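FYI, it's all coordinate maths here, none of it is from the lab. Since we're looking at a predicted model, the values are computed, not measured. Cβ coordinates were reconstructed from backbone atoms using ideal geometry, including for glycine residues, and neighbour counts include every protein chain displayed.
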Amino acid sequence: MFQLAKRAPFNIAPERGKNLSEEVFVKGRWKLITTHGEANFYAYPVEAKVTASYAGLASLWCLSYAAFHISDIASRLQREIDTGAKHFDIGKFCAELQIYQYINYARDLFHSDREWPSSLKIPNVSAMFEAPEGRVNNIFFGALSWILLHEIGHVHLKHEKDIPVDQRLRQEFQADNFATCWILDEAGFGIQREFRVLVVCVALSWLFLNEEKLGQGRDHPAAITRFQESVAKFEMGERSAGLENAAYVLKAIFDPASKSPACETPKELFEWTANRLTELFRK
């Protein structure tokens with residue numbers, strides 16, 4: 001899976017592959033290597049190196065497992081409910097698929113690397129795309145591309161480490177912007193953009209999980225601020241499937257107990273969910 005991870009920044013936006021190779025990586029002048037320890041991804045601009053911990057990859061895959069199944073279940077139920085129904089409950093389906101066990105393991109990995117629980121499915125890297133396992137992998141590699149492009153942005157923009165905190169925070173926003181714009185700027189306005197918006201939201205969900213477990217670090221902006229900055233670049237329509245599925249994922253993971261209002265469009269549901277996140281993660 002790590003070998004495929006190296007291709008994630010190319011695969012998420014293949015229309016920009018040549019630019020990534022020739023303008024950003026400068027003929028291969030960069031390295032992606034694995035490390036041990038807690039879930040983390042880190043950039044070393046001077047060395048043109050990005051590290052991905054095994055725990056970080058495992059944590060993001062578990063979150064992607066949850067994201068695929070939540071969006072799949074919720075979107076199907078939404079289309080099956082009777083006209084006029086306002087709410088539906090995915091709780092029993094989440095229990096059957098052990099969704100929250102995967103999410104809890106993903107959270108635990110931010111503190112330290114841990115053995116893979118025997119009760120959870122092991123990632124199947126060779127799963128066919130049409131199979132649920134393949135679709136989980138697709139979300140995982142898509143979300144991973146945003147995280148890696150964020151770190152690659154630090155390298156490409158020649159960011160520095162030994163600078164005042166306010167400048168470090170500014171660099172984090174610049175790296176987020178690099179990743180989001182790289183993925184979306186030439187995505188068009190069809191199904192590709194819908195998918196890319198969803199996986200960016202999954203990547204941002206990983207930041208929320210990190211903050212929930214470890215708190216906000218001094219040299220990184222609050223997760224909710226990073227989320228708001230990235231979402232402002234989505235430019236999606238009222239009937240966006242990407243926003244709809246992202247709303248289901250964000251609500252089920254971070255706000256499962258509340259009831260959403262009867263929203264007229266997916267975009268309205270997403271905006272309500274984003275407002276709830278602002279309330280939950282307000283500093």
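As a size descriptor, the averaged projected area of the C-alpha convex hull of the chain was calculated at 14.6 nm².
Can you give me the angle between helix 54-80 and the longest principal axis of the chain, using Cα atoms only, in degrees from 0 to 90, rounded to the nearest 10? Here the helix axis deviates by roughly 30 degrees. Rounded to the nearest 5, what % of the DSSP beta bridges within the chain are antiparallel ones? In the chain, DSSP labels about 45 percent of beta bridges as antiparallel. Of all DSSP beta bridges confined to the range 19-173, the antiparallel ones make up roughly 45%.
For the chain, averaging the sequence separation of C-alpha pairs within contact (under 8 Å, six or more residues apart) and dividing by the residue count gives a relative contact order of 20 percent.
If only the Cβ of Lys and Arg carry +1 and only the Cβ of Asp and Glu carry -1, the dipole of the range 139-217 around its Cα centre is close to 80 debye. Sorted largest first, the principal axis extents computed over the alpha-carbon atoms of the range 145-270 equal 49, 35, 19 Å.
Separation of the range 227-265 and the range 5-84, taken as the distance between their Cα centroids, equals 20 angstrom. Helix 191-214 and the longest principal axis of the Cα set of the chain meet at an angle near 80°. Restriction of the trypsin sites (Lys or Arg not before Pro) in the range 123-204 to DSSP coil positions whose beta-carbon has at most 13 other beta-carbons within 10 angstrom yields 158, 161.
For the range 40-138, the Cα gyration tensor yields ellipsoid semi-axes of 31, 15, 14 Å (square root of five times each eigenvalue, largest first, whole Å). Taken about its Cα centre, the chain carries a charge dipole of about 400 debye when Lys and Arg each add +1 at the Cβ and Asp and Glu each add -1 at the Cβ.
With Cα atoms as the point set, the radius of gyration and Dmax of the range 79-183 evaluate to 19.4, 58 Å.
In this rough spin-label picture, where each label sits 7 Å from Cα along the Cβ direction, the residue 186-residue 77 distance is 4.0 nm. Rounded to the nearest 0.05, the FRET efficiency derived from the C-beta distance between residue 96 and residue 257 at R0 = 22 Å is 0.70. Between residue 161 and residue 265, the distance separating the two model label sites (each 7 Å from Cα on the Cα→Cβ line) works out to 4.7 nm.
Global dimensions of the range 206-283 from alpha-carbon coordinates: Rg and Dmax equal 12.8, 40 Å.
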